[in-house]
1. In the chain, what percent of the accessible surface is made up of carbon and sulfur (1.4 Å probe, ligands and nucleic acids excluded)?
2. May I ask you to evaluate 6.51 cos²θ - 1.76 cosθ + 1.60, the Karplus curve with θ = phi - 60°, for each residue of segment 86-97 and list the ³J(HN,Hα) values in order in whole Hz, giving x for glycine and proline?
3. With runs of 4+ DSSP H residues as the only contributors, calculate the mean residue ellipticity of the chain at 222 nm using -39,500 (n - 2.57) per run, divided by the residue total and rounded to the nearest 500.
4. Which entries in K260/K362; K152/K260; K221/K332; K203/K261 show an alpha-carbon gap greater than 30 Å?
5. By how many nm would the segment from F11 to T142 lengthen if fully extended, with 0.36 nm per residue of separation less the alpha-carbon distance?
6. Just to compare against my own numbers: the Cα pair-distance distribution for the chain, 20 Å bins, whole % per bin, please.
7. Compute the signed sum of charges (Lys and Arg +1, Asp and Glu -1) over the other residues within less than 13 Å, Cβ to Cβ, of P73.
8. Kirkwood hydrodynamic radius (Cα pairs, Å) of segment 230-308?
Amino acid sequence: QNTDAEPPCYFLSRTVEVKQSLPVGTHKITFTSGTTSEPKGVCLSYAHLNRVGQSLAEAVANLGITNHISLLPYSILLENMAAVYAHRFVDLEIISLPMAEVGMTGSGQLDIATMFQMIKTQAAESMIMMPQMLKQLVQYLTAHPQDVSFIKFIAVGGAVCAVSLIEQAQQMGLPVYQGYGISECGSVVSLCGPDDTPGSVGKTLPHCELDFTAAHEIRVKGPLFLGYLGVSESDPNGIFYTGDIGRLDQQGCLHITGRKKNLIINSFGRNILPDWIEGELLALPGVQQAAVYGNDQPFLTALCVTALNQAQLDAAISGMNQQLPDYANIRKAVKVPAFTAVNGQLTASGKIKAQVIFEQHKNLLETIYAPNNEKRTAHAV
């Protein structure tokens, strides 16, 4: 070994990250799902979250709830709102357990038997569920009937929930009610109550007001987010364009049709919002995930993640189609591998990235809509 050799020389460098600016008054940052773009950091103030929490507490005050079990992680703003902010305005015990103890492990892995057993053990009166959780609970209780009379309130949100699933849950004694919210508005905008129109997401909570654009896009006026992390400030006029399409019925209850950005325009010029059709698909026993395709096409195709065989899937969808208008019928359904965050087809919060799914199944879709395979059916316009 040559001890006279020059010692090696190392060059170290460091990339200096520019600190992203926060709007003045930022108390909490929650990230959007990022279904069509990168997730955005929504900056929220304490006063805003506190006001929404108070409004939510007032909406359920007459139900006599004494405890609430957190079935969702606190990184989800809806659960955070209920357990951290709303409970300050009511005498409410929060049952907060490790996610594994309530049957939630990994990304979307749910052991419904474990979850219900913990709900029963804790005699939990209030909880929040995503539609897929409710679906599995209904299936579990159908197979294993239990006394659920101790449950006073189940809020279902986070995605479109089929009316048929809510009705099925209510028929077995589960007090299930939909709500509507958006991160920029502090999560909760409206909530259904026992006397509200079935199928709606209830009346607007006291802290905000709604109106609609000419294209039926929902606008929210009231306390809003402060701005996006390092991007922009919110509307100084206190109005937020939600990107959701909806309407108010004669009772003043809000009905959500779907997301404006998800709009399908078929080859007959019919505008179709796929969200509610996907909700009906997800309500079918055995269908875990679904994405509806049909832009510029003569009919709709459903890409389904399911344990059903093709004949069973076709039969289930045939029954569903009978409850839908002709233009919303699924003419072709195909089984595909699971949508996951790993293959880029799901966001971190579990929402589907439709355009990614369609791109990754481009060859399959092209085959379905090849001229010699198309079953052209005239749709009402």
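The values are calculated or read from the model by the stated rules, or taken from the named source; none is laboratory data. Keep in mind that this is a model prediction, so the values were computed, not measured. Glycine also receives a Cβ, built like all others from the backbone with ideal geometry; neighbour counts cover every protein chain displayed. Heads up: the accessible areas ignore ligands, DNA and RNA and are worked out on the full protein's heavy atoms, side chains in. Shrake-Rupley method; radii C 1.70, N 1.55, O 1.52, S 1.80 Å.
1. 53 percent
2. The phi angles translate into 4, 5, 5, 9, 9, 7, 10, 8, 9, 8, 10, 10 Hz.
3. -6500 deg cm²/dmol
4. Listed pairs above 30 Å: K152/K260; K221/K332.
5. Taking 0.36 nm per residue and subtracting the Cα distance, the gain is 40.5 nm.
6. P(r) for the chain, in whole percents per bin: 25, 55, 16, 4, 1.
7. Charge balance near P73 sits at -2.
8. 15.0 Å
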